[in-house]
Amino acid sequence: MRRVRYYEYGGPEVLTAEDVDQPVPQAGQVLLRAEAIGVNFVDTRFRSGPGSGSIFHRPLPGRPTGDVVGTVTRVGPGVEPQLVGRRVAALAEDAYADYVVAEALWLAAVPDHLDAGDASMLAMSAPVALRILRAAQLNPGDTVLIHAAAGGIGHLAVQFAKFLGAGTVIGTARSSSKLDFVRAVGADVAIDYAQPDWPDQVRAAAPGGVDIVLDAVGGTILQSSLDLLAPFGRAVVYGAATGELEQIPVVKLFALRSVTGFNLTAWRHASPDQARHEMDEIADLFAAGRLRTTVHAGLPLTQAATAHELIETRSHTGRILLLPDARST
């Protein structure tokens with residue numbers, strides 16, 4: 001089978017396709033024949049190496065993670081044999097491959113007829129998008145500011161915010177085409193956060209402040225966002241794409257503001273039953289057509305470098321997929 005790894009840090013060109021034996025699932029694991037692999041921003045930072053920021057350090061060889069959609073072909077010890085033949089989705093390591101090992105406990109069952117783009121969101125992106133809003137304790141009528149709203153998680157967070165009853169949803173992105181996309185998925189206001197006056201534009205749209213901020217950008221974006229919170233406003237930080245781990249001045253919280261961090265693995269460990277329930281809830285919403293995923297590009301597995309280039313140039317909207325069965329052109 002084919003697998004893509006990297007053996008040195010650097011640009012997308014370090015991603016290396018190689019022929020290897022199929023992996024063997026261990027206890028609690030399954031082997032998936034991959035149909036599609038959702039590519040995530042964070043792996044471009046891991047590939048770039050520690051220079052991207054201390055939070056992005058991973059040892060070599062690099063085993064990219066991804067949101068894998070596939071069919072169970074084999075199970076490890078302790079896993080129900082009935083899973084063989086089922087179409088599922090999973091967040092997995094060493095994901096850029098024809099066959100991928102995944103943990104059986106967090107497989108997401110894929111509803112019948114769901115396409116690969118939607119299915120790729122079931123295991124990680126959609127659960128994060130829903131839970132960060134619930135962690136923010138969204139109330140009906142709240143004003144929500146969502147950064148990077150054109151991305152894989154962001155464009156789902158916009159939809160979830162509306163579904164959960166938000167009053168005004170403000171989405172930020174870069175470039176006019178991305179702003180159009182953010183509006184198309186449901187945002188009431190779209191703002192280019194590359195513009196220096198973006199906080200003033202948010203204030204114009206929400207004169208009383210915003211109730212919720214969802215941020216995975218970090219750096220100065222997070223610092224400015226805290227100043228935009230209304231009294232009792234809540235910020236949820238679930239990443240730091242800039243690699244900058246900001247110190248949050250306590251004085252900013254004295255204005256009746258709060259900041260919560262979120263990590264999917266920690267959430268699953270702390271509340272596994274609720275995390276599983278939400279995965280099922282999300283699958284039902286996709287099956288009913290109440291959520292939708294935009295796939296920007298579907299590329300052959302051997303074009304993983306191109307997928308990373310698209311992400312790093314921030315030229316995509318929605319999801320980028322690697323398709324093992326697609327032919328390179």
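Quick notes on this one:
- Qualifying residues in the stretch 136-151 (those that are outside any strand (DSSP E or B) and in contact with a helix residue (DSSP H, G or I) (Cβ under 8 Å, 6 or more places away or on another chain)) - the one surrounded by the fewest Cβ atoms within 10 Å (Cβ to Cβ): 138
- Count - residues of the stretch 29-60 that are of a type in the set (Gly, Ala, Ser) and loosely packed, with under 14 Cβ neighbours inside 10 Å: 2
- Scanning the stretch 97-108 for residues that are more than 18 Å from the chain's Cα centre (by Cα) and either of a type outside the set (Asp, Glu) or farther than 20 Å from residue 27 by Cα (or both) yields 97, 98, 99, 100, 101, 104, 105.
- Of the residues 195, 223, the single one that is of a type in the set (S, T, N, Q), modelled with pLDDT under 95 and part of a loop (DSSP other than H, G, I, E, B) is 195.
One line per residue, one yes/no per condition, for (1) at pLDDT 95 or above; (2) among the charged types (D, E, K, R); (3) surrounded by 19 or more Cβ atoms within 10 Å (Cβ to Cβ); (4) in the same structural domain as residue 28 (by TED's automatic domain parsing):
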residue	(1), (2), (3), (4)
83	yes, no, no, yes
91	yes, no, yes, yes
98	yes, yes, no, yes
131	yes, yes, yes, no
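- Across the stretch 278-303, the qualifying residues are those that are surrounded by fewer than 18 Cβ atoms within 10 Å (Cβ to Cβ) and among the polar types (S, T, N, Q), and the one among them that is farthest from residue 322 (Cα to Cα) is 294.
- Residue match in the stretch 236-249 (condition: farther than 26 Å from residue 49 by Cβ and at pLDDT 95 or above): yes
- Exclusive hit being over 22 Å from the mean Cα position of the chain (by Cα) and outside any strand (DSSP E or B), set 94, 112, 118: 112
- Tallying residues that are without any contact (Cβ under 8 Å) to a residue 60 or more places away in the chain, among the polar types (S, T, N, Q) and touching a helix residue (DSSP H, G or I) at 6+ places or on another chain (Cβ under 8 Å) within the stretch 5-33 yields 0.
- Complete set of residues in the stretch 304-329 that are touching a helix residue (DSSP H, G or I) at 6+ places or on another chain (Cβ under 7 Å), of a type in the set (Gly, Ala, Ser) and buried (at least 17 other Cβ atoms within 10 Å of the Cβ): 305, 318
- Within the option set 166, 204, 184, 194, being closer than 15 Å to residue 220 by Cα and of a type in the set (A, V, I, L, M) holds for one residue only, 194.
- Check on residue 306, outside the structural domain of residue 156 (by TED's automatic domain parsing) and of a type in the set (Ser, Thr, Tyr): yes
- Residue, nearest to the chain's Cα centre (by Cα), within the stretch 1-56, restricted to residues that are in a strand (DSSP E or B) and small (Gly, Ala, Ser): 38
- Among residues of the stretch 203-222 that are assigned by TED's automatic domain parsing to the domain that holds residue 151 and in contact (Cβ under 8 Å) with a residue 12 or more places away in the chain, those with a beta-carbon under 7 Å from a residue that is surrounded by 20 or more Cβ atoms within 10 Å (Cβ to Cβ) and in a helix (DSSP H, G or I) at least six positions away or on a different chain give the pairs 210/202; 213/225; 214/132; 214/157; 215/221; 215/222; 215/225.
The values are calculated or read from the model by the stated rules, or taken from the named source; none is laboratory data. Only a predicted model underlies this, so the values are computations on that prediction, with no experimental measurement involved. Reconstructed Cβ throughout: ideal geometry from the backbone, glycine too, with neighbour counts over all protein chains shown.
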